[in-house]
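Reading through the structure tokens given below for one structure.
The values are calculated or read from the model by the stated rules, or taken from the named source; none is laboratory data. All of these numbers come straight from a predicted model, not from anything done at the bench. With ideal geometry, Cβ positions are generated from the backbone for all residues, glycine too; neighbour counts draw on all protein chains shown.
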Amino acid sequence: MAEWRQRSEITGDVVFFRYATEATENSADEVFVWDLDKTYLDTAFETLRGLVRTIMEKAFQKRNVPGTATLVRAIRNTWRDKHQGRSDFPIYFITASPPQLERKIHQKLNLDGIYPFGLFCKDNLKNLKPSRLPRLKQQVGFKLQALLQLRLHLGENVRQVLWGDDSESDAVIYSLYSDICSRRRAESELRSILRGLKVTGAQADTILKLREAIPANDPVEKVYINLAADTDAEYYQKFGRRVIPTYNTFQVALDLFQDGRLLLEHVLLVAVDMVRNYEFSGEELAGSLDDLVRRPVLAAETLEKLLPRLKADGLIPSNYIPAMSPKPVRSRVGDRVLELEGNREPWVPEQIDYLHDYR
């Protein structure tokens with residue numbers, strides 16, 4: 001038996017490596033779930049060549065999406081400050097990389113200073129046969145099953161913040177996961193949607209079985225989608241305001257700061273990382289900020305806190321003025337901003353058309 005099989009939980013093509021105790025997993029009130037590929041790491045395995053390259057890379061050769069390592073460490077530090085006495089950090093990663101790469105991935109995360117609670121891999125090497133190559137790209141069933149299995153490990157009232165990208169329908173996957181958890185869709189409707197998304201019958205059965213075992217509430221608090229394939233941000237309006245499409249990690253940091261999940265110093269660290277290590281210019285960062293003001297995502301009060309420091313530290317041009325006036329906050333819950341003046345889309349739509357992508 002392969003060594004990784006002895007250390008993992010295997011259900012179909014979902015392979016879970018647990019690094020935390022069950023009690024530790026269950027005790028977290030807030031959990032962060034990060035799609036590894038094109039969201040944290042710059043990987044490409046949807047082709048045979050890309051998969052082989054990913055397999056051959058050593059841990060230190062794996063490239064981050066710009067700013068992600070700094071961002072995750074910043075979220076970790078803020079979470080620890082709010083949970084005094086805890087030295088852990090409740091983060092999980094999901095990847096379509098095969099489980100044979102688990103040690104390399106774990107080593108890479110450790111090199112970045114990140115020690116996850118768990119990692120989900122896809123048993124994908126069996127899909128290298130010519131007749132199965134299309135399955136390399138079919139991630140909906142795999143990720144839905146992984147998310148639902150993870151839900152079983154977590155506490156009843158846990159809140160989840162999810163990261164994905166636009167190359168693997170992650171907005172569809174995360175929103176459908178939310179619908180499944182909250183029971184917003186009947187079983188017959190779910191089967192029809194899963195069939196339309198090319199989820200196999202066996203995996204659909206597993207997903208529906210998991211649905212009956214998880215708590216009947218919606219754990220998804222927010223979703224960030226990295227626009228790795230340059231999908232128009234307006235497409236994501238159909239998923240509601242809870243889903244935030246972003247063009248880079250700096251935009252994620254800005255929204256996390258607005259929601260109280262990062263300090264201002266952390267936003268500056270992400271910006272510095274992107275300028276020094278990934279050749280982002282001050283004009284590009286200012287454009288990213290301006291984009292969130294226009295949508296509108298960033299509130300006027302958030303800009304009042306951000307702009308003086310970003311300008312003083314030379315991270316955006318000193319003469320920057322937003323192209324339009326930022327909106328005031330209309331509603332919030334605790335530190336979380338829920339709505340700005342002028343927002344029209346619902347926070348969570350009652351019905352989402354999962355089967356038609358008008359991109």
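Some points to look at:
- Subset of the range 258-271 (residues that are surrounded by fewer than 22 Cβ atoms within 10 Å (Cβ to Cβ) and assigned to a helix (DSSP H, G or I)): Leu264, Glu265, His266, Leu268, Leu269
- Subset of the range 319-359 [touching a residue at least 40 places away in the same chain (Cβ under 8 Å), assigned to a loop (DSSP other than H, G, I, E, B), surrounded by 12 or more Cβ atoms within 10 Å (Cβ to Cβ) and touching a helix residue (DSSP H, G or I) at 6+ places or on another chain (Cβ under 6 Å)]: Glu345, Ile352, Tyr354
- Restricting attention to the range 132-157 and to residues that are in a helix (DSSP H, G or I) and over 25 Å from Arg191 (Cβ atoms), the residue that is modelled with the highest pLDDT turns out to be His153.
- Qualifying residue in the range 184-197 (condition: in contact with a helix residue (DSSP H, G or I) (Cβ under 9 Å, 6 or more places away or on another chain), assigned by TED's automatic domain parsing to the domain that holds Val31 and under 24 Å from Arg344 (Cα atoms)): yes
- Scanning the range 199-227 for residues that are surrounded by 13 or more Cβ atoms within 10 Å (Cβ to Cβ) and of a type in the set (Lys, Arg) returns Arg211, Lys222.
- In the range 201-225, the residues that are farther than 12 Å from Gln145 by Cα and modelled with pLDDT under 95: Gly201
- Looking across Thr95, Thr39, Thr70, one residue alone is in contact with an Asp or Glu (Cβ under 7 Å, 6 or more places away or on another chain) and modelled with pLDDT of 95 or more. It is Thr70.
- Number of the exception - Arg276 against (1) of a type in the set (D, E, K, R); (2) touching a residue at least 24 places away in the same chain (Cβ under 8 Å); (3) part of a helix (DSSP H, G or I): (2)
- For Asp230: the one exception among (1) buried (at least 20 other Cβ atoms within 10 Å of the Cβ); (2) under 21 Å from Asp165 (Cβ atoms): (1)
- Residue check: Asn110 meets all listed conditions (1) modelled with pLDDT of 90 or more; (2) more than 20 Å from Leu36 (Cβ to Cβ) but one, namely (2).
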